[in-house]
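The block underneath contains the structure these notes are about, expressed in structure tokens.
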Amino acid sequence: MEILIAFAIGLLAACGLYLVLRQRTFPLIVGLSLLSYAVNLFLFASGRLAPGLPPIISKTAAAYTDPLPQALVLTAIVISFGMTAVIVLMALGAWLTAGHDRTDMPKGDDA
Amino acid sequence: MTDWIIVPVVLPAMLAPVLLLLRRHLPAQRLLGLAGTAALLALSLVLMAQSASPQLYRLGDWPAPFGIVLVLDRLAALMLVLTALLALIVHAYAIATGWDKRGHHFHALYLFQLMGLNGAFLTGDLFNLFVFFEVLLIASYGLMVHGSGRDRLRAGIQYVAFNLIASTLFLFALGLIYAVTGTLNMADLSVKIAALPPGDHALIRVAAVMLIGVFAIKGALVPLQFWLPGTYANAPGPVAALFAIMTKVGAYAILRTITLILPASTPAIGPLLTDLLLPAAALTLLAGAIGTLGAATLPRLAALAAIASIGTLFIALAANTAETTAAGLYYLIHSTLATAAIFLIADQITARRSATLAAGPRLSGMHAALFFATAIALAGLPPLSGFIGKLLVLDSLRDSAALWPTLWALILTTSFLMILGFARAGSTLFWNTTGETTAKPEPAALAAIIALVALLLALTAFAGPVTDWLALTAKDLHTPTAYIAANGLETP
């Protein structure tokens, strides 16, 4: 279980990082999303992996899993969703005004 | 009385949506927005008067390590007052020059930005710090591309992408810290990390370096400064001036980290963080100062001067004793106000001629005088506060850093390089002129810049009382017993 999660985080982060370095807005946005998936999984695992245990108080539960990382992940998901929306809009604006989707600044006129 | 601590966050949060609804009524927006920033200033001053001992505000009344807390101490109060002061002046400037008319929702975004800044300075919880970082960043994305334009949008995307990667790194660091300690309250972390078993030391060191890396991105330390020149030079003038406080958020977070959360006295950390910060700070100062010599445009010159002043600030913070921290805080106030002033003047000048440092139409004498005053402040020449700030930093380094002769040489040489850079820019802008004249300066806009220069003068004139107060602040930071006790926790 731990090994599977660790591989998933590593793979997502590696793919995300590769895409971020592509200097085009579409791969950049996909890459940032992959990075945020990786970090969400990582945060989830930071409370220790405990399959089948409830995070909230119940009469029948023998043990509990840590509820705080789940709250942290929820916050992180909401924030990354908002941020993705912002960068998509800005990328669209930049593409419409500049005519292409490169992320580096043109030589000479980056004031 | 401690309920007032939440108001600097709640007030802009309530006012901003009202301004969104008033989007068709510019005069009402301006009036309410300006009243909001003025109220924030009054509020911060009241809070500053009560900040002698750290005070706690519990959100939802949950006790400290379980619930989120806001903590008001001297440092937080200082940052609140500085933010509000800068925000009020820049807000007035934005209205006087009509920058707020060039796109929608300037005032609402401005208040959301202040909400994020105030929250980041007040919070006593590391995850909550992340949340307020995101609040201030998402507002800054909107402000950064305010008024649109091709280059501004593309520089904006770089800025957003850089910060999103930094946020991801921040979350990785938080996850690691939580996995090792089981808490995210800053005071609780301070206690728990000091008592960590040796087996966990390696993990917490990894988390510590990632955390410092994130704050170094916010503070624009070399080698993580690449986002700053493009962003600041392409942002609208008043927004770049407000962003002068954004790099100081990084400085504030690093100061909290190396004094409270991960101090050098902790066995798990030792001098790891300050050993990393000091060379980075020295390189930042050097890169910024050399950059001012080669800057091709005026906004870029201002951005590189901002980087150089961050370098000096971080040298003082990285030396990490009570004396250097006090000197660093004085320099922080100076650097924020002076950087904001140079961006406002750059905005005045680029509104009248091309931004390129080459021959152009004649500018008014007032612009030249204000540029000259700000250049003196940034280069650190007497009689303005940059001189006293650098003197305090140099003096405190002598007893605190083993490498002080090298750092002295660096700070003095880079001051000279910056004088050269500003002299070159000033003589090209104001003396190498063609016959044409430019539009007269708007009196209200000039008044805002004069207010910033007057604050620098006041900081010089009242350097004695200010440094006394800052010495107390630094002493509290380096012995955080009261801060931890205010959280209801015990120092081991």
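Here, each number is a calculation from the coordinates, and none is a lab measurement. Source: prediction; values computed, not measured. Cβ placement follows ideal geometry from the backbone for every residue including glycine, while neighbour counts extend to all protein chains displayed.
Only counting other Cβ atoms within 10 Å, I'd like B:440, B:101 sorted with the fewest neighbours first.
Going from sparsest to densest Cβ surroundings: B:440, B:101.
Mean 1/r over all different Cα pairs, inverted: what Kirkwood radius does chain B give, in Å?
Every distinct Cα pair counted, the radius reaches 22.6 Å.
Among B:366, B:310, B:285, whose Cα sits farthest toward the positive end of the charge dipole of the range B:271-461 (+1 at Cβ of Lys/Arg, -1 at Cβ of Asp/Glu, about the Cα centre)?
B:366
Once you place label points 7 Å from the Cα toward the Cβ at residue B:104 and residue B:475, how far apart are they in nm?
Label at residue B:104, label at residue B:475, 5.4 nm between them.
Based only on other Cβ atoms within 10 Å, what is the fewest-to-most ordering of B:367, A:100, B:25?
A:100, B:25, B:367
I need the phi-derived Karplus couplings for the range A:95-104: 6.51 cos²θ - 1.76 cosθ + 1.60, θ = phi - 60°, integer Hz, Gly and Pro marked x.
Using θ = phi - 60°, the values come out as 5, 5, 7, 9, x, 8, 10, 6, 9, 7 Hz.
Sticking to Cα atoms, compute the Rg of the range B:173-228 to one decimal and its Dmax as the biggest Cα-Cα distance, whole number, in Å.
13.0, 40
Taking amide H atoms as placed 1.01 Å from N in the peptide plane, list the residues 5 or more away in sequence, or in a different chain, whose amide H sits under 5 Å from that of residue A:24.
Close amide H contacts, sequence-distant or interchain: A:103.
Beyond 17 Å, what share of the Cα-Cα pairs of the range B:20-80 is found? Please give it as a whole percent.
Here the tail beyond 17 Å accounts for 57 percent of pairs.
How long are the three semi-axes of the equivalent ellipsoid of the range B:340-492, in whole Å, if each is the root of 5 times an eigenvalue of the C-alpha gyration tensor, listed from largest down?
Those come to 39, 20, 13 Å.
If you put +1 on each Lys and Arg Cβ and -1 on each Asp and Glu Cβ, how big is the dipole of the range B:271-461 around its Cα centre, in Debye rounded to 20?
In debye, rounded to 20, the range B:271-461 gives about 520.
How large is the convex hull of the C-alpha atoms of the range A:1-103 per residue, in Å³?
Hull volume over Cα atoms, normalised by residue count, gives 85 Å³.
With r as the distance between the Cβ atoms of residue B:209 and residue A:8 and R0 = 35 Å, compute the FRET efficiency 1/(1 + (r/R0)^6) and round to 0.05.
That pair, residue A:8 with residue B:209, gives E of 0.90.
Taking R0 as 41 Å, what's the FRET efficiency between residue B:354 and residue A:81 from their Cβ-Cβ distance, rounded to 0.05?
Approximately 0.50, to the nearest 0.05.
Cα atoms only: what Rg and Dmax, in Å, come out for the protein assembly as shown?
Every Cα atom of the protein assembly as shown included, Rg and Dmax give 23.6, 88 Å.
Between the range B:345-368 and the range B:192-265, what is the C-alpha centre distance in whole Å?
35
Expressed as a whole percent, how much of the Cα-Cα distance distribution for the range B:382-421 exceeds 13 Å?
55
Taking a point 7 angstrom from the Cα of residue B:362 along the C-beta vector, which residues in the range B:434-469 have backbone N less than 16 Å away?
Inside the label zone: B:434-441.
With equal scatterers on the alpha carbons only and no solvent term, can you work out the Debye log10 of I(q)/I(0) for the range B:1-264 at 0.13, 0.16 1/Å?
The computed values of log10 I(q)/I(0) come out as -0.84, -1.21.
If you plug each phi of the range B:45-58 into the Karplus form 6.51 cos²θ - 1.76 cosθ + 1.60 with θ = phi - 60°, what whole-Hz ³J(HN,Hα) values come out, in order, with x for Gly and Pro?
Once θ is set to phi - 60°, the couplings for the range B:45-58 become 5, 4, 5, 4, 5, 9, 8, 4, 10, x, 10, 10, 10, 8 Hz.
Charges at C-beta only: +1 for Lys and Arg, -1 for Asp and Glu. How large is the resulting dipole of the range B:1-264 about its Cα centre, in Debye rounded to 20?
760
Quick check: pseudo-label points 7 Å beyond the Cα along Cα→Cβ at residue B:444 and residue B:226, how many nm apart are they?
Distance between label points: 4.1 nm.
Modelled label-to-label distance, residue B:14 and residue B:490, 7 Å Cα→beta-carbon offset: nm?
Simple spin-label model gives 4.0 nm for this pair.
Please list, in order along the range B:425-439, the HN-Hα scalar couplings obtained from phi with the Karplus expression 6.51 cos²θ - 1.76 cosθ + 1.60 (θ = phi - 60°), rounded to whole Hz, x for Gly and Pro.
After applying 6.51 cos²θ - 1.76 cosθ + 1.60, I find 4, x, 5, 5, 5, 9, 10, 8, 10, 8, x, 5, 9, 10, 4 Hz.
Summing +1 for each Lys or Arg and -1 for each Asp or Glu, what net charge is found among the other residues whose Cβ lies under 15 Å from the Cβ of residue B:281?
+2
Using modelled amide H (1.01 Å from N, peptide plane; none on Pro or chain starts), what sits under 5 Å from the amide H of residue B:297, excluding residues fewer than 5 places away?
Long-range HN contacts for residue B:297: B:357.
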